[in-house]
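*Asks:* For reference, the structure I am asking about is given below.
The values are calculated or read from the model by the stated rules, or taken from the named source; none is laboratory data. This one's a predicted model, so the numbers in the text were calculated from it and none came from an experiment. No Cβ is skipped: glycine too gets one built from the backbone with ideal geometry, and neighbour counts run over all protein chains shown. Protein only, heavy atoms only, side chains kept; ligands, DNA and RNA dropped before computing areas. Shrake-Rupley method; radii C 1.70, N 1.55, O 1.52, S 1.80 Å.
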Amino acid sequence: MNSAENRGKTSGEPVRQMVHFVGAGPGDPELITVKGRRLLREADLVIFTGSLVPRALVTNLPAEVHDSAGMNLDEVFELIHRAWKKGKKIVRLHTGDPAIYGAINEQMALFNEHDIPFTVVPGVSSGTASAAALATELTLPEVSQTVIFTRRAGRTPVPEKQDLVSLASHKATMMIFLSVSMIDKVVDDLLAGGYTDTTPVAIVEKVSWPDENILRGTLATIATQVKEAGITKTAIIAVGDVLAEGPPPALSRLYDKSFSHGYRKGKV
Ligand SMILES: C[S@@+](CC[C@H](N)C(=O)[O-])C[C@H]1O[C@@H](n2cnc3c(N)ncnc32)[C@H](O)[C@@H]1O
């Protein structure tokens with residue numbers, strides 16, 4: 001434990017520390033940030049979110065480590081609050097990036113209510129890690145300049161104007177979380193929104209884990225592929241023409257030799 005260091009030099013009173021929300025990344029323990037790794041090593045208390053945080057990140061730490069999978073919000077907060085009052089260094093470790101479906105807002109609200117200072121250290125989201133695994137640029141010129149991170153409504157409702165049917169009408173790149181168990185309905189919604197049978201789709205299951213699995217298909221084939229592969233959770237559904245094979249229809253202007261910008265003069 002590092003708590004001996006967390007006392008005021010003259011008063012001997014515990015010096016209250018900043019609590020850190022840290023993004024663990026999508027699975028590969030090397031995909032945490034350098035800062036996140038350091039905070040974990042310095043922590044007295046680490047609370048991590050269940051099955052999706054790689055165990056390698058929370059083993060062999062000097063800290064007391066808790067899995068929040070079986071805990072409710074009050075229990076998590078109580079554990080943090082008690083340790084914080086004693087001057088402990090605390091990391092709340094979330095999968096991927098904490099800002100994406102991380103349920104950190106309600107925790108931050110409680111921290112604010114109790115005047116507990118905190119920071120958020122970003123992480124690699126499974127959404128962007130999936131793009132890397134697919135070797136796909138999500139924002140291709142003249143194909144899509146927009147990426148939509150979304151989910152289909154399930155037990156958690158989605159605001160009406162953000163249902164998959166309306167979002168699909170933009171024909172932007174879509175990275176769909178938390179929805180692979182509803183693949184038939186996802187496909188129906190995307191087709192109803194204006195994508196076609198030939199729109200490329202990829203499923204990235206357990207991205208960056210040793211058993212990562214990637215399926216590539218189209219809206220006509222993907223539901224059958226998902227069922228045959230037995231994929232029911234921990235997957236991103238990537239949708240859009242940026243996934244099409246072959247040369248891109250247009251090149252980025254950034255490296256075009258005739259294009260000038262603040263750091264380079266274009267050659268005529
Ligand atoms: C509660 S959300 C957490 C998302 C996380 N904060 C992030 O940024 O990746 C859980 C969903 O994220 C996606 N997910 C999380 N980790 C994943 C992984 N390693 N591979 C593929 N999808 C993953 C799945 O869609 C899963 O249902």
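*Asks:* Out of LYS267, LYS233, I need the residue that is away from the ligand (no atom under 13 Å from the Cβ) and either touching a Pro at 6+ places or on another chain (Cβ under 6 Å) or open to solvent by 70 Å² or more (accessible area, probe 1.4 Å) (or both). Which one?
*Replies:* Working: LYS233 fails: away from the ligand (no atom under 13 Å from the Cβ).
Of the residues listed, the single one that is away from the ligand (no atom under 13 Å from the Cβ) and either touching a Pro at 6+ places or on another chain (Cβ under 6 Å) or open to solvent by 70 Å² or more (accessible area, probe 1.4 Å) (or both) is LYS267.
*Asks:* All but one of (1) part of a loop (DSSP other than H, G, I, E, B); (2) away from the ligand (no atom under 11 Å from the Cβ); (3) open to solvent by 70 Å² or more (accessible area, probe 1.4 Å) hold for ASP211; which doesn't?
*Replies:* In the conditions (1) part of a loop (DSSP other than H, G, I, E, B); (2) away from the ligand (no atom under 11 Å from the Cβ); (3) open to solvent by 70 Å² or more (accessible area, probe 1.4 Å), ASP211 misses (2) alone.
*Asks:* For SER179, work out the one condition from (1) surrounded by 15 or more Cβ atoms within 10 Å (Cβ to Cβ); (2) among the hydroxyl-bearing types (Ser, Thr, Tyr); (3) more than 11 Å from the ligand (Cβ to nearest atom) it doesn't fulfil.
*Replies:* Status for SER179: all satisfied but (3).
*Asks:* I'm trying to understand the selection: among the residues of the range 219-230, which are of a type in the set (Val, Ile, Thr) and crowded, with 18+ Cβ neighbours inside 10 Å? Quick ask: steps written out before the conclusion?
*Replies:* Kept after step one, since they are of a type in the set (Val, Ile, Thr), are these residues of the range 219-230: 221-222, 224, 226.
Once the filter is applied, which keeps residues that are of a type in the set (Val, Ile, Thr) and crowded, with 18+ Cβ neighbours inside 10 Å, the range 219-230 yields ILE222, VAL226.
*Asks:* Is it the case, given these coordinates, that LYS185 is modelled with pLDDT under 95 and among the basic types (Lys, Arg)?
*Replies:* Values: modelled with pLDDT under 95: no; among the basic types (Lys, Arg): yes.
It is false that LYS185 is modelled with pLDDT under 95 and among the basic types (Lys, Arg).
*Asks:* Which of the numbered conditions does ALA192 fail, given that it passes all the others? Conditions: (1) in contact (Cβ under 8 Å) with a residue 40 or more places away in the chain; (2) out of contact with any strand residue (DSSP E or B) (no Cβ under 6 Å at 6 or more places or on another chain); (3) surrounded by fewer than 18 Cβ atoms within 10 Å (Cβ to Cβ); (4) aliphatic (A, V, I, L, M).
*Replies:* Unmet for ALA192, out of (1) in contact (Cβ under 8 Å) with a residue 40 or more places away in the chain; (2) out of contact with any strand residue (DSSP E or B) (no Cβ under 6 Å at 6 or more places or on another chain); (3) surrounded by fewer than 18 Cβ atoms within 10 Å (Cβ to Cβ); (4) aliphatic (A, V, I, L, M): (1).
*Asks:* Only one of THR119, THR150 is more than 21 Å from ARG41 (Cβ to Cβ), touching a residue at least 24 places away in the same chain (Cβ under 8 Å), open to solvent by less than 70 Å² (accessible area, probe 1.4 Å) and in a strand (DSSP E or B); which? Even if it seems obvious, please write down each step before you answer.
*Replies:* Working: THR119 fails: more than 21 Å from ARG41 (Cβ to Cβ).
Only one candidate qualifies: THR150.
*Asks:* Here's a follow-up. What's the total number of residues in the range 99-108 that are over 12 Å from the mean Cα position of the chain (by Cα) and open to solvent by less than 50 Å² (accessible area, probe 1.4 Å)? Let's see the steps before the verdict.
*Replies:* Narrowing the range 99-108 to residues over 12 Å from the mean Cα position of the chain (by Cα): 104-108.
So of that shortlist, the ones also open to solvent by less than 50 Å² (accessible area, probe 1.4 Å) come out as 104, 107-108.
Final tally of qualifying residues: 3.
*Asks:* Quick check on my filter: what residues within the range 127-147 are in a loop (DSSP other than H, G, I, E, B) and under 27 Å from LYS161 (Cβ atoms)? Give the derivation first.
*Replies:* Step one: list which residues in the range 127-147 are in a loop (DSSP other than H, G, I, E, B), which gives 135-146.
Hits for the range 127-147 are LEU138, THR139, LEU140, GLU142, VAL143, SER144, GLN145, THR146.
*Asks:* Now a separate question. For the range 195-208, enumerate the residues that are open to solvent by less than 20 Å² (accessible area, probe 1.4 Å), within 16 Å of the ligand (Cβ to nearest atom) and not in a strand (DSSP E or B).
*Replies:* VAL207 - this is the single residue of the range 195-208 that is open to solvent by less than 20 Å² (accessible area, probe 1.4 Å), within 16 Å of the ligand (Cβ to nearest atom) and not in a strand (DSSP E or B).
*Asks:* Determine which single condition LYS257 fails, assuming it passes every other condition in (1) within 16 Å of the ligand (Cβ to nearest atom); (2) not assigned by TED's automatic domain parsing to the domain that holds THR139.
*Replies:* If we test LYS257 against (1) within 16 Å of the ligand (Cβ to nearest atom); (2) not assigned by TED's automatic domain parsing to the domain that holds THR139, just (1) comes out false.
*Asks:* Report, by residue number, each residue of the range 122-143 that is crowded, with 20+ Cβ neighbours inside 10 Å and over 17 Å from the mean Cα position of the chain (by Cα).
*Replies:* Selection gives LEU140 alone.
*Asks:* Is it fair to say PHE77 is touching a residue at least 24 places away in the same chain (Cβ under 8 Å), among the aromatic types (Phe, Trp, Tyr) and farther than 29 Å from ASP211 by Cα?
*Replies:* Working: touching a residue at least 24 places away in the same chain (Cβ under 8 Å): yes; among the aromatic types (Phe, Trp, Tyr): yes; farther than 29 Å from ASP211 by Cα: yes.
In short, yes.
*Asks:* When you go through LYS206, LYS257, LYS265 one by one, which is the residue that is within 26 Å of the chain's Cα centre (by Cα) and of a type in the set (Lys, Arg)?
*Replies:* One residue alone meets the criteria, LYS206.
*Asks:* THR95 fails exactly one of the following numbered conditions: (1) of a type outside the set (A, V, I, L, M, F, W, C); (2) surrounded by fewer than 16 Cβ atoms within 10 Å (Cβ to Cβ); (3) modelled with pLDDT of 95 or more. What is the number of that condition?
*Replies:* With (1) of a type outside the set (A, V, I, L, M, F, W, C); (2) surrounded by fewer than 16 Cβ atoms within 10 Å (Cβ to Cβ); (3) modelled with pLDDT of 95 or more applied to THR95, the lone miss is (2).
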